Amino acid sequence: MLTNNDSNPSVIEVLSMVAVEHADKPAIVDKAAAISFGELELAVRKTARHLMAKGIKKQDRVLVLVPFSIDLYRVTLALNYIGATAIFIEDWITFQQMDDCCEAARPTAFISNIKGLIYGYLKKSLRNIPVKISCNGYQKYAPIEGMPDLNLTDDAIISFTSGTSGKPKMLVRDFNFLNHQFYTLREVKKCEINDIELVTLPAFVFINLAMGSTSVVANFNKLKPEKIDLNKIEKQFKDNHVNAICASPSFLLKLCAPAINTKIKSQINKITTGGSPVFPGDAQRLNAAFPNARTTTIYGSSEAEPIAVADGLVLSKMSNEAGRGLYVGEIHPGTQVKIHPFFEDIKPGAVAIIGEILVSGSNVLMKGEGNKIVIDGVKWHRTGDSGCLNQNGSLFLTGPVASIVDFNGQYWSPFVFEGLSKNIAGIERATIVKVNDELVAAVVAAVAADKSTIENALSQLDFPLNKVVFVGKFPNDQRHDGKIKYAELEAMIKIKMIETRNSKLK
């Protein structure tokens, strides 16, 4: 049990209760197999015994290199059962970054499948980890009995995310924070026991497990999100009678394609999304493609989730608010938000105080001093995003702080530009960057769109554009395939402008 009489039961404890009531119900379905709640709970107890037999004990740090699958949750829950700390490193972190992560977290063991163990012998930082364990072979062990004895303040999970900066960010969550986050997101997501949910966001599977609902792991390669086989996804919908989706915005927008049967889409009654921008036009597409679904978008960060929550119907009607930035919803009661002004002037849409979004409260991970600031004796987390609050307290994003453009003595918001340009026919996506002291509009145009018409429409916006440059695709973050990498886009535009100039000189 968690050693705090006032705390809610942990996910492990809830799973045990769910397993008794819904033993035969599918808990997780991945592309290779399915497992019921009863089978998963037994497998977790056997895996915990297996890990303890290999020497794993409370508060040992264990690097988990297991793909997004049933095995990932079996191993993670077993580590939680023991009270050990699970370390996760995102799939797209580079070899050099892997060394940095291991140096920072200092795992004493790592667990993986055969492929991962072989990789571990080729990579020095992994080879130096003393204990290496196969995630298989647990079946022969007797299950541990009883409930785990966990301390609320012990480290439960260490995660490394690449984010938009490209530098791994280490986050340490204790059991108390994980427990709070679980119960908070469960309410935000409005989980129901009859949900059969297609999932691309791994953390939300834990919520489904503790709710007694079924998670279907989306059959696609996370490292190549642009290459989704919609036939495979449609088969998962049919085979598992999926009625809910929890996925990144880019994944969901791909599902809007006509390739997926309209009848199947009409069976979806709930959509949860977040992690990258969802503009009003995107919400309109989702509402049209999934007419019976209630969509919830969650704005947060690795350190704070949720910060704000938006209803999809409300978001879809916010096009006329594009001048403020991107509407991300109403502030969650468990999060306090402060706008820390640092822009003397920001155009257009200077309708409210705009600055960096600071957060505090029970939904915010405040461990460590990284990205923290103290104002009037209160410690706040710096999100790295800029935004403003309207008169009703609704939150709007104006873009990452690093992407705000300083041009001609004024600051210009990429999210304001992106929101306004979404209303222009023929534009799939557009933003602004500063290149060689010029304000440039970067545009991804629809096939067969008239570029001169687009250029003329952009010139009508209240932005002092010097150029419009058309590109095939924006460089996006690998995690959600939805956040623009503005520094990479600027470099790409610079090269394109040089190539265009050189071709004219020939």
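The values are calculated or read from the model by the stated rules, or taken from the named source; none is laboratory data. On a predicted model such as this, the values are computed, not experimentally measured, just so you know. Cβ: placed from backbone, ideal geometry, glycine included. Neighbour counts: every protein chain shown. Note: accessible area is taken over every heavy atom of the protein model, side chains too, but ligands, DNA and RNA are not part of it. Shrake-Rupley method; radii C 1.70, N 1.55, O 1.52, S 1.80 Å.
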Answer yes if at least one residue in region 245-259 is more than 13 Å from the chain's Cα centre (by Cα) and in contact (Cβ under 8 Å) with a residue 40 or more places away in the chain, and no otherwise. yes
Could you list, in sequence order, all residues of region 476-487 that are over 16 Å from residue 430 (Cβ atoms) and either open to solvent by 30 Å² or more (accessible area, probe 1.4 Å) or among the small types (Gly, Ala, Ser) (or both)? 478, 479, 487
Determine if region 347-363 includes at least one residue that is among the charged types (D, E, K, R) and modelled with pLDDT under 90. yes
Scan region 186-207 and tell me whether some residue there is without any contact (Cβ under 8 Å) to a residue 24 or more places away in the chain, surrounded by 14 or more Cβ atoms within 10 Å (Cβ to Cβ) and closer than 12 Å to residue 11 by Cβ. yes
Filter region 458-475 down to the residues that are open to solvent by less than 30 Å² (accessible area, probe 1.4 Å) and either touching a residue at least 40 places away in the same chain (Cβ under 8 Å) or at positive phi (or both) and list them by number. 463, 474
Could you check region 25-46 and list, in sequence order, the residues that are in contact with a His (Cβ under 9 Å, 6 or more places away or on another chain) and open to solvent by 10 Å² or more (accessible area, probe 1.4 Å)? 36, 38
Going through (1) among the charged types (D, E, K, R); (2) closer than 23 Å to residue 217 by Cβ; (3) part of a helix (DSSP H, G or I); (4) open to solvent by 50 Å² or more (accessible area, probe 1.4 Å) one by one, residue 49 fails only at (2)
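Just give me the residues in region 100-152 being among the acidic types (Asp, Glu) and more than 27 Å from residue 14 (Cβ to Cβ), in sequence order.
We begin by selecting, within region 100-152, every residue among the acidic types (Asp, Glu); these are 100, 103, 145, 149.
Result: 100, 103.
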Of (1) surrounded by fewer than 18 Cβ atoms within 10 Å (Cβ to Cβ); (2) closer than 21 Å to residue 308 by Cβ, residue 410 fails just (2)
Please enumerate the residues belonging to region 419-453 that are of a type in the set (S, T, N, Q), surrounded by fewer than 14 Cβ atoms within 10 Å (Cβ to Cβ) and part of a helix (DSSP H, G or I). 452, 453
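Regarding residue 379, is this residue open to solvent by 30 Å² or more (accessible area, probe 1.4 Å), at pLDDT 90 or above and more than 22 Å from the chain's Cα centre (by Cα)?
Working: open to solvent by 30 Å² or more (accessible area, probe 1.4 Å): yes; at pLDDT 90 or above: yes; more than 22 Å from the chain's Cα centre (by Cα): yes.
So residue 379 passes the test.
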